[in-house]
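The values are calculated or read from the model by the stated rules, or taken from the named source; none is laboratory data. Worth saying up front: this structure is predicted, and the values here are computed from it rather than measured. With ideal geometry, Cβ positions are generated from the backbone for all residues, glycine too; neighbour counts draw on all protein chains shown.
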Amino acid sequence: MTIKVPKATCLLCKSKYTGTGMTKHLQSCLPKNLENQRKQQKFKSQPFFHILVKGFYSPGYWLHLKVSSNSKLEELDQFLRDIWLECCGHLSAFSYRRNELKMGRKLKDVLSIRMELLYEYDFGSTTELLVKVLAEYDGPIEQNKPVEILARNEAPEIPCDECGKAPAVQICTECQWSGSGWLCETCAKNHECGGEMMLPVVNSPRTGVCGYTG
């Protein structure tokens, strides 16, 4: 299976990069953007972390985030649920070196540069994420918006497992256990497992899991 991964867009300057390229790009683009914002004095300056979140087993799904140091882990948890994970109200947890962290703790009391956390959503059909702190800055933070997206991966184009030509738009949750089940619109209609076994292909590391539909 050949998966095509389009370049993603930096939301600060609209330039396009691969996943690795985006990490390098933001190391220079983010400080420049902060300096411009300081000159405009739009928002109050506060400490924040530049955080990379990616699928632990599917690193092609990733988010670069600007997160207020004064926000709590539960706010980051809710953001990840809203954008990538929430399906049935499952439990979740952040942990560091196998020690679970309390959701009520502020990021400034937990995180440091180069620190890596494991995040787990749903302890049955678990989706695991790696949370990595890339840098810490002092800059403008928009009020009531503790988490902002700096860049996000574009949805990978995954070919249909049956015809091998058209992009997959549905996943058969039964066939997925045997390493297949990615189906284009035409093949999904004729698939032997039936429509009740299908979930939509979405831009998330939880695609095809539990009842997640995006």
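The table below lists the values:
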{"quantity": "Enumeration of residues in region 58-116 that are of a type in the set (Phe, Trp, Tyr) and within 24 Å of LYS44 (Cα to Cα)", "calculated": "PHE79"}
{"quantity": "Among the candidates LYS24, LYS32, LYS39, residue that is outside any strand (DSSP E or B), of a type outside the set (A, V, I, L, M, F, W, C), within 23 Å of LEU130 (Cα to Cα) and in the same structural domain as LEU107 (by TED's automatic domain parsing)", "calculated": "LYS24"}
{"quantity": "Qualifying strands (runs of 3 or more DSSP E) (wholly inside region 49-123; at least 2 residues being in contact (Cβ under 8 Å) with a residue 12 or more places away in the chain and farther than 24 Å from HIS25 by Cβ)", "calculated": "92-96, 116-121"}
{"quantity": "Selection count, region 90-100, where residues are under 14 Å from LEU118 (Cβ atoms) and either of a type in the set (Ser, Thr, Tyr) or under 20 Å from the mean Cα position of the chain (by Cα) (or both)", "calculated": "5"}
{"quantity": "Subset of region 168-184 (residues that are modelled with pLDDT under 95 and either touching a Lys or Arg at 6+ places or on another chain (Cβ under 7 Å) or surrounded by fewer than 20 Cβ atoms within 10 Å (Cβ to Cβ) (or both))", "calculated": "THR173, GLU174, CYS175, GLN176, TRP177, SER178, GLY179, SER180"}
{"quantity": "Some residue of region 126-149 being assigned by TED's automatic domain parsing to the domain that holds ASN33 and under 30 Å from LYS189 (Cα atoms)", "calculated": "yes"}
